[in-house]
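The values are calculated or read from the model by the stated rules, or taken from the named source; none is laboratory data. Only a predicted model underlies this, so the values are computations on that prediction, with no experimental measurement involved. When we count neighbours, we look across all protein chains shown, and the Cβ atoms used for this are built from the backbone with ideal geometry, even at glycine. In case anyone asks, the SASA skips ligands and DNA or RNA and just uses the protein heavy atoms, side chains included. Shrake-Rupley method; radii C 1.70, N 1.55, O 1.52, S 1.80 Å.
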Amino acid sequence: MAIERTLSMIKPDAVAAGNAGNILQHFEDNGLRIVACKKTQLSLAQAQAFYAVHAERPFYGELVEFMTEGPIFAQVLEGENAVAAHRAVMGATNPAEADEGTIRKLYAESIGRNACHGSDSLENAANEIAFFFSESELIG
Ligand code: ATP
Ligand code: MG
């Protein structure tokens, strides 16, 4: 299996609820190493750009508003098949459909306010990592 890197975000709902530390621990407990990590708050322009792929979806405005309402954590996670492994650890987009023990089952409020984000392909992971981090911030 290939060692991959993926971009992970802890969304404003989970940060505000005080669950960022628990979620970071959850990644490490599941074999995902934290290569880089920062707490920041997205501007409107940044949130719009990050989720530009969803610009035509009916929930886009709600999503952008949510993602800018408070601080987020962005991190680069590394491990075997990290893109898929991270999405498995997060659980289904809708917490009502998420498996027991997943981050969204444990911490998400709803399909919109769902605690975390993970890249959905290796190509998007590379773009999303570059969105948040410079090469010199990827400590390894
Ligand atoms: P993410 O991209 O955040 O990791 P995902 O890949 O599981 O989540 P996407 O389909 O890419 O899900 O949707 C992006 C985000 O948009 C979701 O995580 C959620 O916050 C929001 N979203 C998706 N569907 C809905 C919906 N029906 N109503 C409200 N918000 C939604
Ligand atoms: Mg997605």
When the helix-only estimate is applied to the chain (DSSP H runs of n ≥ 4, each -39,500 (n - 2.57), divided by the residue count), what is the mean residue ellipticity at 222 nm, nearest 500 deg cm²/dmol? -10500 deg cm²/dmol
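Taking the Cα centre of the chain as origin, sum charge times position over the Cβ atoms of Lys and Arg (+1) and Asp and Glu (-1), and report the length of that vector in debye to the nearest 20. Present the calculation step by step, with values, prior to reporting the outcome.
Working: 10 positive and 19 negative charges, 45 e Å.
That gives the chain a dipole magnitude of about 220 debye.
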Can you give me the % of accessible surface on the stretch 2-85 that is carbon or sulfur? Probe 1.4 Å, all protein chains present, nothing else counted. 49
Expressed as a rounded percentage, what relative contact order does the chain have, with Cα pairs under 8 Å and six or more residues apart? 38
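Would you be so kind as to identify all helices of the chain, as entire DSSP H runs, whose Cα atoms reach 24 Å or more along the helix's own axis and whose mean Kyte-Doolittle hydropathy is at least -1.0?
Details: long enough: none.
Span-like helices, by this rule, are absent here.
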From the Cα centre of the stretch 1-67 to that of the stretch 103-140, the distance in Å is 4
Report the label-to-label distance for ALA126 and GLU80 in nanometres (one decimal), using points 7 Å from each Cα along the Cα→Cβ vector. 2.4
